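I have placed the structure first, in the form of structure tokens, so that the comments after it can refer back to it.
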Amino acid sequence: MDNYQIADAFALLAKIMDIHGENSFKTKTYANAAFQIEKLPLQLADMDAASIAAQKGIGAATAQKIAELLQTGSLSILNEYIANTPPGVIEMLSIKGLGPKKIHTVWKEMGIETIGELEYACNENRLTLYKGFGEKTQNNVADAIRFYLNQQGWFLFQQAEEIAQQFLQLLQIQLPTHKTVITGSIRRQMETVDSIDLLTTADATAVMPLLQPLDALTLTEELPNGLCYQINNGPQLFIHTTSSETWGHALLTTTGPDAFCNSIIASLTTTAFASEEDLFTAAQQPYILPAFRDLPQDVIDAAGNISAELIQPQDIKGIIHSHSVWSDGSNSIREMAESAKAQGLEYLVISDHSKSAGYANGLSEERILQQHAEIDLLNKQLAPFKIFKSIECDILNDGSLDYSDAVLNSFDLVIASVHSNLKMTEEKAMQRLLTAIAHPAVTVLGHMTGRLLLSRAGYPVNYDALIEACAKHHVCIELNAHPRRLDIDWRWIPKAVNKGILISINPDAHAVEGFADTRYGVLAAQKGMLRKQQNLSSFSLQAFEEFLEQNKAAKTLAG
Ligand SMILES: [Zn+2]
Ligand SMILES: [Zn+2]
């Protein structure tokens with residue numbers, strides 16, 4: 001073991017002890033020892049115990065630990081701290097600008113244990129509520145996290161699509177006589193992707209000089225039908241090349257997934273198809289949209305021809321699920337409403353956090369009254385645009401909601417979500433969720449698994465049972481449109497709508513910019529073959545008001 005490795009062990013020990021909030025005198029001793037050991041001209045491994053203890057910055061306790069490291073190759077006290085710290089918390093040390101003291105606050109005060117949760121908390125403005133976290137720090141932390149996560153190989157659809165568009169434009173502008181499109185998993189609108197795929201009729205020899213000068217790219221492989229690049233801090237980039245004559249075949253096979261493609265092309269004896277449509281016709285199959293190709297064949301068949309009814313981004317008529325400065329949002333209700341109105345939307349549902357969400361400045365009963373007065377006033381000024389009174393009510397540990405029935409009845413609708421104690425067994429999660437779904441005040445079940453894509457698996461649920469319960473109690477299921485959530489998973493949408501459940505594509509906007517996330521929800525919903533009439537936020541203002549009335553009546557009847 002060399003001095004650098006020994007110094008690293010002490011530096012890590014000091015940091016983890018700081019994360020645990022240990023006596024700073026002790027942690028400084030180890031941090032200083034690390035600093036001094038790194039500068040030593042001689043290797044500690046070559047010294048005897050007496051001369052080790054005589055070195056500057058090394059006391060008796062440190063000397064003992066150095067001896068342990070040299071003898072066993074590890075440090076028991078460090079191993080113990082590591083075992084008692086969630087891996088995600090230790091991982092936070094890789095985030096630039098986030099020191100051990102701040103990580104202590106993040107872990108112990110905010111209750112955050114993974115980097116993904118921390119990024120999400122930044123989006124929700126939650127860090128600024130804590131001492132030592134200004135808006136600037138929060139922005140820096142968010143940037144550093146994005147950078148770190150981008151190195152992990154998988155990317156959110158949103159991030160990959162933005163990069164794909166840039167390369168697409170570059171090739172389209174530079175090779176105007178050729179056809180170039182986005183293909184692969186982005187074309188299929190997958191929620192996460194590990195590569196960006198473009199298909200072009202240009203030759204590799206024409207593409208290469210265009211990409212050569214870009215510092216952000218490294219050519220890793222020349223393939224028979226294209227080029228493979230690694231994007232710095234990004235996914236792989238595949239440029240697939242084909243001729244106009246085989247365009248349809250190449251587009252199908254590069255789009256994937258393999259199982260789907262193989263089933264379509266199995267009966268074909270040529271690759272000469274100028275379009276995908278020609279290929280489907282030759283295979284005697286109806287054309288299947290790329291977004292549907294990950295679904296089981298029987299689900300695709302059962303849906304029939306839905307192209308005219310498939311939900312589209314422009315079908316969204318209102319914002320359901322949004323936050324304002326009353327809880328953890330960045331904009332006032334007026335700003336949110338005026339922005340929604342300016343975008344041509346007909347209504348806005350303000351659903352700030354409920355009172356037990358202390359981290360998010362949740363609303364007390366008294367503040368609810370004040371907020372409702374503000375909404376009444378704004379509604380007079382902004383008509384015919386309408387703001388609805390709602391709450392994103394925490395589902396408490398026992399499944400109950402954190403207001404009395406009288407308070408819950410003062411809202412136009414209630415969105416119920418789990419935000420606390422996310423680490424639970426399926427049994428516990430189901431008990432909480434089923435209790436909340438059965439509550440007569442609940443209109444929408446928010447982000448049902450709590451997942452954060454690429455960073456936090458949701459708590460385990462029994463989807464079938466949740467869908468049954470929502471159908472029985474007339475509860476809509478949210479498709480949370482935040483690109484890191486997309487929760488309910490689109491794979492379960494066909495089952496839910498078959499049971500007559502309305503999906504609600506909601507941006508969960510914490511600022512006016514958040515409205516734009518609705519598009520990601522729509523793209524995910526398309527993968528679940530959602531029709532526009534099956535989505536609550538596609539209802540016109542009048543239809544939405546009628547729905548709220550009918551829903552309340554239906555729930556009363558259902559008891
Ligand atoms: Zn929420
Ligand atoms: Zn929310």
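The values are calculated or read from the model by the stated rules, or taken from the named source; none is laboratory data. None of the values given here were measured: they were computed from a predicted structure. All Cβ positions, even for glycine, are placed from backbone atoms using ideal geometry, and neighbour counts span all protein chains on display. Surface accessibility is based on the protein's heavy atoms, side chains included, excluding ligands, DNA and RNA. Shrake-Rupley method; radii C 1.70, N 1.55, O 1.52, S 1.80 Å.
One table, with the values for the structure above:
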item: Subset of region 180-208 (residues that are in a loop (DSSP other than H, G, I, E, B), over 29 Å from W154 (Cβ atoms) and of a type outside the set (V, I, T)); result: D203
item: Positions within region 272-285 being assigned to a loop (DSSP other than H, G, I, E, B) and loosely packed, with under 12 Cβ neighbours inside 10 Å, in sequence order; result: Q284
item: Any hit, region 234-246, residues being closer than 29 Å to Q158 by Cβ and part of a helix (DSSP H, G or I); result: no
item: In region 392-424, the residues that are within 22 Å of the chain's Cα centre (by Cα) and either within 16 Å of ligand 2 (Cβ to nearest atom) or of a type in the set (S, T, N, Q) (or both); result: E392, C393, D394, I395, I415, A416, S417, V418, H419, S420, N421, L422
item: Condition met for A469 (away from ligand 1 (no atom under 16 Å from the Cβ), open to solvent by less than 10 Å² (accessible area, probe 1.4 Å) and either aromatic (F, W, Y) or over 26 Å from A360 (Cα atoms) (or both)); result: no
item: Extreme residue, most open to solvent (accessible area, probe 1.4 Å), among residues of region 379-396 that are away from ligand 1 (no atom under 16 Å from the Cβ) and over 19 Å from H510 (Cβ atoms); result: K380
item: Condition check for K341: away from ligand 1 (no atom under 16 Å from the Cβ), at pLDDT 95 or above and under 15 Å from L541 (Cβ atoms); result: yes
item: Inter-residue pairs, beta-carbon under 9 Å, first in the same structural domain as I173 (by TED's automatic domain parsing) and closer than 18 Å to Q174 by Cα and in region 203-231, second open to solvent by 90 Å² or more (accessible area, probe 1.4 Å) and not aromatic (F, W, Y), 6+ apart; result: A204/E222; A204/N225; A206/Q174; V207/Q174; M208/E222; L210/Q174; L227/E221
item: Filtered residue count, region 412-448, keeping only those that are among the hydrophobic types (A, V, I, L, M, F, W, C), within 16 Å of ligand 1 (Cβ to nearest atom) and in a loop (DSSP other than H, G, I, E, B); result: 4
item: Single residue of region 403-418 satisfying the filter (touching a Lys or Arg at 6+ places or on another chain (Cβ under 8 Å) and open to solvent by 10 Å² or more (accessible area, probe 1.4 Å)) that is farthest from L363 (Cα to Cα); result: D412
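Conditions tested, residue by residue: (1) open to solvent by less than 20 Å² (accessible area, probe 1.4 Å); (2) within 16 Å of ligand 2 (Cβ to nearest atom); (3) within 29 Å of the chain's Cα centre (by Cα); (4) outside the structural domain of L536 (by TED's automatic domain parsing).
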{"position": "I264", "(1), (2), (3), (4)": "yes, no, no, yes"}
{"position": "T270", "(1), (2), (3), (4)": "no, no, no, yes"}
{"position": "L295", "(1), (2), (3), (4)": "yes, no, yes, yes"}
{"position": "V325", "(1), (2), (3), (4)": "no, yes, yes, no"}
{"position": "S330", "(1), (2), (3), (4)": "no, yes, yes, no"}
{"position": "E338", "(1), (2), (3), (4)": "no, no, yes, no"}
{"position": "E346", "(1), (2), (3), (4)": "no, no, yes, no"}
